[in-house]
Amino acid sequence: MELSVDRLTKHYGSKIAVDCVSVALKPGIYGLLGENGAGKTTLMRMLCAILESTSGEVFLDGREIVSMGAEYRDILGYLPQDFGYYPNYTAREFLLYMAALKGIPRDRAKKRAEELLEVAGLSEVAAKKIKTFSGGMKQRVGIAQTLLNHPKLLILDEPTAGLDPKERVRFRNLISDYAAGRIVILSTHIVSDIEAIADEVLLMKKGKLVSQGTVSELTKEAEGKVWELTVSPAEAKSWQERAAVANLRHEGEQVVLRILSDEKPAEGAVPCEAGLEDLYLYSMQGKK
């Protein structure tokens, strides 16, 4: 299976939301990383064939997805950033309703719904109305409904929004287990979620795809650009105003700064190992 994106572009008047994106995706987990407004959601909606492109096309195994119609929807699971639900439905009722919309026979739908309630950690509250759920629980209902039809292509827009750290780990493990032989596209601005499970990272900025590769491949791009510098609290404030400071921590009366810079920022700065977050922040600073 291959999802091929060919020069996909979306304009809103004079604004270019997605700018000539081309990429070929085979089974695996792809982390789509970019700040808010980078074009991630617009790109994902076009990949789901629910938003028409201005130009360019998307193909699944050589077939244009819009022309595939229901056949494409049958293999697609999509979780939008703000998914709609019926507050007076219970979690179980909602999954059965969504299964009916997807054309899943009722007997199979009942079994699948119970499986996913268990996987999502919602079995004990399956008979409670969704309006009584926390934000994280609602998000888990949304994740469960995307998996009802055993999709071969799974597109998730900010799926860990509202999840606490324990729930995020549960979600990452679920997706890792599910991804075998499937294409999973996970959009987020939470770097650690992608760093933990993505086979490849797609870095998006101002509508363009600016980098693609494994975590180790991409972090190499930030090598030699990450420094630690120990300064006084007063100096720390000055450094934050004039440099790209990725992190700071207090050690006694001193402050240790993590600075992103092409050159050694000060005499006392020492180089340190780069991570994906460093590359992300370095890219978003406009230096890439």
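The values are calculated or read from the model by the stated rules, or taken from the named source; none is laboratory data. Since the structure is predicted, the reported quantities are computational estimates derived from the model, not experimental observations. When we count neighbours, we look across all protein chains shown, and the Cβ atoms used for this are built from the backbone with ideal geometry, even at glycine. Surface areas here come from the heavy atoms of the whole protein model, side chains and all, with no ligands, DNA or RNA. Shrake-Rupley method; radii C 1.70, N 1.55, O 1.52, S 1.80 Å.
A few notes on this one:
- Solvent-accessible area assigned to carbon and sulfur over segment 213-252 amounts to 45 percent, based on a 1.4 Å probe.
- Carbon/sulfur fraction of accessible area - segment 1-147, other protein chains in place, 1.4 Å, %: 49
- Label corresponding to Rg and Dmax of the Cα atoms in Å when calculated from the structure given, among [x] 21.5, 70; [y] 20.8, 61; [z] 18.5, 62: [x]
- Between segment 29-89 and segment 230-288, the Cα center-to-center distance that results, in Å: 37
- Angle in degrees between helix 135-146 and the longest Cα principal axis of the chain, rounded to the nearest 10: 60
- In order through segment 216-227: 3J(HN,Hα) via Karplus (6.51 cos²θ - 1.76 cosθ + 1.60), integer Hz, x for Gly, Pro: 5, 5, 6, 5, 4, 5, 9, 4, x, 10, 10, 9
- Using alpha-carbon coordinates, inclination of helix 233-242 to the longest axis of the chain, degrees: 70
- The chain: angle of helix 165-178 to the longest principal axis, Cα-based, in degrees nearest 10: 60
- Each helix, a run of at least 4 DSSP H residues, gives -39500 (n - 2.57); summed and divided by the residues of the chain, these come to -9500 deg cm²/dmol at 222 nm.
- Local charge for residue 7 was computed over the other residues whose Cβ lies under 10 Å away, with Lys and Arg +1 and Asp and Glu -1, and equals -3.
- Solvent-accessible heavy-atom area per residue, rounded to whole Å², over the chain at 1.4 Å: 49
- Exposed GluC sites (Glu not before Pro) absent: longest stretch of the chain, with sites in DSSP loops and at most 15 other Cβ within 10 Å deemed exposed: 53-222
- Unit charges on C-beta of K, R, D, E only; dipole of the chain, Debye: 1140
- Each residue of segment 81-87 was assigned a 3J(HN,Hα) from its phi angle through the Karplus curve 6.51 cos²θ - 1.76 cosθ + 1.60 (θ = phi - 60°); the sequence is 4, 10, 7, x, 9, 9, x Hz, with glycine and proline shown as x.
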